[in-house]
Amino acid sequence: ENIKDIQVIITCTEKIKLENPNIKVHGFGITQFETLELFPFYSADSTTWLRTGINGRIHTKVKKTVVTVSVDSEYKPEHFKHYPKHLQDMILDEIATSPFTYDELSTQYKARHIYNCTWFKNWADNFVFQPKKAIKRNKLF
């Protein structure tokens, strides 16, 4: 999300809080962790997990980012094979906690889908909202 999106969310959540503080807000199309961690959404979803797997990537706690692992994308500079060894080791350690191997994730999009869904579920199960101060602006645009 960009700054205008954040400003819209601030405006909407403040209005909702004033009108009905007990309402549960759903973040439709919002799954960027930085945004989710700023606002007390009751739930959120998007097709990010699907696009990520299709595009040959997996989510990882390492640098809180996605990593390209598909053998079809080894030529890309952002591919796992081009990461420094210490980051590769950290990512492989994280993969080892799943039912998949790196080879399976690099060759099977369905394995990446399941891995990413499980990754998001684990993140959501362990996430505790801690309000952060957002920059409040007088105007929306």
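The values are calculated or read from the model by the stated rules, or taken from the named source; none is laboratory data. Owing to the predicted nature of the structure, the values given are computational and were not obtained by experimental measurement. Because the Cβ atoms are built from the backbone with ideal geometry, glycine has one as well, and the counts that use them run over all protein chains shown. Quick note on the areas: whole protein, heavy atoms, side chains included, nothing else; ligands and nucleic acids left out. Shrake-Rupley method; radii C 1.70, N 1.55, O 1.52, S 1.80 Å.
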Original post:
Cα centroid distance between the range 4-62 and the range 98-121, in Å?
Top reply: 23
**OP:** Using only Cα atoms, tell me the angle between helix 85-96 and the longest principal axis of the chain; keep it within 0 to 90° and round to the nearest 10.
**Re:** 80
Original post:
Among Leu92, Leu18, Leu50, which one moves the most in a GNM of the chain with springs linking Cα atoms closer than 10 Å?
Top reply: Leu18
Original post:
How far apart, in nm, are two points set 7 Å out from the Cα along the Cα-to-Cβ line at Lys17 and at Gln130?
Top reply: 1.8
Subject >> the chain - mean residue ellipticity at 222 nm from DSSP helices (-39,500 (n - 2.57) per run, n ≥ 4, rounded to 500) >> reply: -13500 deg cm²/dmol
Original post:
Expressed in nm to one decimal, what extension gain is obtained for the pair Asp5 and Glu34 from 0.36 nm per residue of sequence separation less their Cα-Cα distance?
Top reply: 9.2 nm
**OP:** Can you send over the carbon and sulfur percentage of the accessible area for the chain, probe radius 1.4 Å, protein chains only?
**Re:** 57
Original post:
Relative to the longest principal Cα axis of the chain, at what angle does helix 109-126 sit, 0 to 90 degrees, rounded to 10?
Top reply: 40
Subject >> Convex hull volume of the range 1-97 per residue (C-alpha atoms, cubic angstrom) >> reply: 119
**OP:** Measure nothing but the geometry: give the 0 to 90° angle between the long axis through the Cα atoms of 3-19 and the longest principal axis through the Cα atoms of the chain, rounded to 10°.
**Re:** 50
Subject >> Over the range 1-45, volume per residue of the alpha carbon convex hull, in Å³ >> reply: 61
Original post:
Under 19 Å from the Cα of Lys81, which aspartates and glutamates turn up, not counting those fewer than eight places away in the same chain?
Top reply: Asp72, Asp89, Asp93, Glu94, Asp103, Glu104
Original post:
Starting at 0 and stepping by 5 Å, how many percent of the alpha carbon pairs of the range 44-111 end up in each bin?
Top reply: 3, 17, 29, 29, 15, 5, 1
